[in-house]
Amino acid sequence: MDKVSPDFLPFQFLSQSINWRKSPVVSPETNVSLPTANFFLDNTTVFATLNVVPHNNFNILTALTSTSSSTGHPVTTPTKGHVSHSSYTFPGGTNKTGVTVPSDPLIATKVLCISFEGRLGNQLFQYASLLGIALKTKRIPVYLGKTILSDVLRNTSLIDESSRYADRCKDVFLMEEGCCKFFTEYFKLNSSRDYRIGEYLQSWRYFNEHEVEVRHALTFKDTIVSQARQTVDSLRQKFNRTLTGIHVRRGDYLTYGYKTAPVEYLLHAMNYVRKKFRDVVFVVSSDDLEWCRQQLANESDVTLLQRQSSPAVDMMILASLDHMIMTVGSYGWWASFLNRGITVYYRDFVDPDTYLSTRFNPNGTDYYRPDWISLS
């Protein structure tokens, strides 16, 4: 195999079935038995396990349930989550999974608002976290401002319908303590008031309880999936090995003086993956490919991924590989979250006693998922 290759190394989407649960579970909120969820990436009809509430004439089901097909399956299949405990019901008392639920659903009347800020990674956090908090607190999620997610997500009904409630987002603004800390007050909101919150909400804890719904809502557009599939297929054909994505963020982190991951971390993480899976090829995506080329020049199992037509396509490519190694930043975080394999992250992502360190809790436990592997 050649050393660092600039070619696109396409990989094929995995079609193994993924078992969330081996037996039915009971929702503690509804005392309803939820069915076993086996999801396939190919030719499978997918429905989120949830009951639907008409949110004051706003039907959250339109954004949280849809079907997949062979031409547009959700690549973001929930593989690391659990069956959630939603209690949203159809007015008729039955949801799409066939589970009988109470016919007197709780009607949400209060709104929870956020303004989109930043690029793809930041906006995915804002979308997912607000949705998770809204489901937890039984509120209408309202998204304000322009967003690139309209060009990324297959179903943007929640975003599209938000304009109906925008005038109610001027009541109370409750600011988070830090971009990447879990703010418990968001789960204790006054039920008689509307709220606007923000501004980044970068913690998995906000949507962990409703991860099934969130992952389903994050289904990417079919055109993005198709473009990613071409690269994935090509990678699989060229390398019959375990494909591990590496996302290296440097550019703007260098500009703002944030800490970037050194090559020593990358080599450590790569060795960890090699020992665990043996025959591995590393697919590197970065905003500084020249630095990666120079630093990894002696690694014969590395290939560089040239930028595709959009950041969303690149993210879907990384998400569809077997495993992920991330460095810093929300873009790599989401590529890792959507990936079905293991994730290795950079433990020393901030310098102590800096402003950035105050934005995270110790060791970043609110930011990085507990099932991810930290290395330095």
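The values are calculated or read from the model by the stated rules, or taken from the named source; none is laboratory data. The structure presented is a predicted model; accordingly, all values stated were derived computationally and were not measured. Cβ sites come from the backbone with ideal geometry, for glycine too, and all protein chains shown count toward neighbours. When the accessible area is computed, the model is the full protein with side chains, heavy atoms only, and any ligands, DNA or RNA have been set aside. Shrake-Rupley method; radii C 1.70, N 1.55, O 1.52, S 1.80 Å.
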Short version: ³J(HN,Hα) in whole Hz for each residue of segment 132-138, in order, from phi by Karplus 6.51 cos²θ - 1.76 cosθ + 1.60 (θ = phi - 60°), x for Gly and Pro, what are they? x, 5, 5, 5, 5, 9, 6
Could you state the accessible area per residue of segment 300-376 in Å², with a 1.4 Å probe and every protein chain left in place? 34
For segment 311-376, alpha-carbon Rg relative to the globular expectation (2.2 N^0.38 Å, N residues): 1.14
Expressed to two decimals, segment 152-291 has a Cα Rg over Rh, using the Kirkwood radius, of 1.05
Largest-first principal axis extents of the Cα set of segment 168-216 (Å): 30, 22, 16
Run through segment 136-193 and list the GluC sites (Glu not before Pro) located in a DSSP loop whose Cβ has at most 15 other Cβ atoms within 10 Å. Glu177
Taking the alpha-carbon distance from Lys181 and a cut-off under 16 Å, which aspartates and glutamates remain once sequence neighbours fewer than 8 residues away in the same chain are dropped? Glu199, Asp366
At what distance in nm do the modelled label points of Ser226 and Trp291 sit from each other, each positioned 7 Å from its Cα along Cα→Cβ? 3.6
Can you pull out the chymotrypsin sites (Phe, Trp or Tyr not before Pro) in segment 235-341 that DSSP calls coil and that have at most 12 other Cβ atoms within 10 Å? Tyr256
With respect to the cross-link table entries Lys170/Lys259; Lys136/Lys276; Lys110/Lys146, which display a Cα-Cα separation exceeding 27 Å? Lys170/Lys259; Lys136/Lys276
What base-10 log of the normalised intensity I(q)/I(0) is obtained for segment 254-376 from the Debye formula, alpha carbons as equal point scatterers, at q = 0.09, 0.10, 0.15, 0.21 Å⁻¹? -0.25, -0.31, -0.71, -1.41
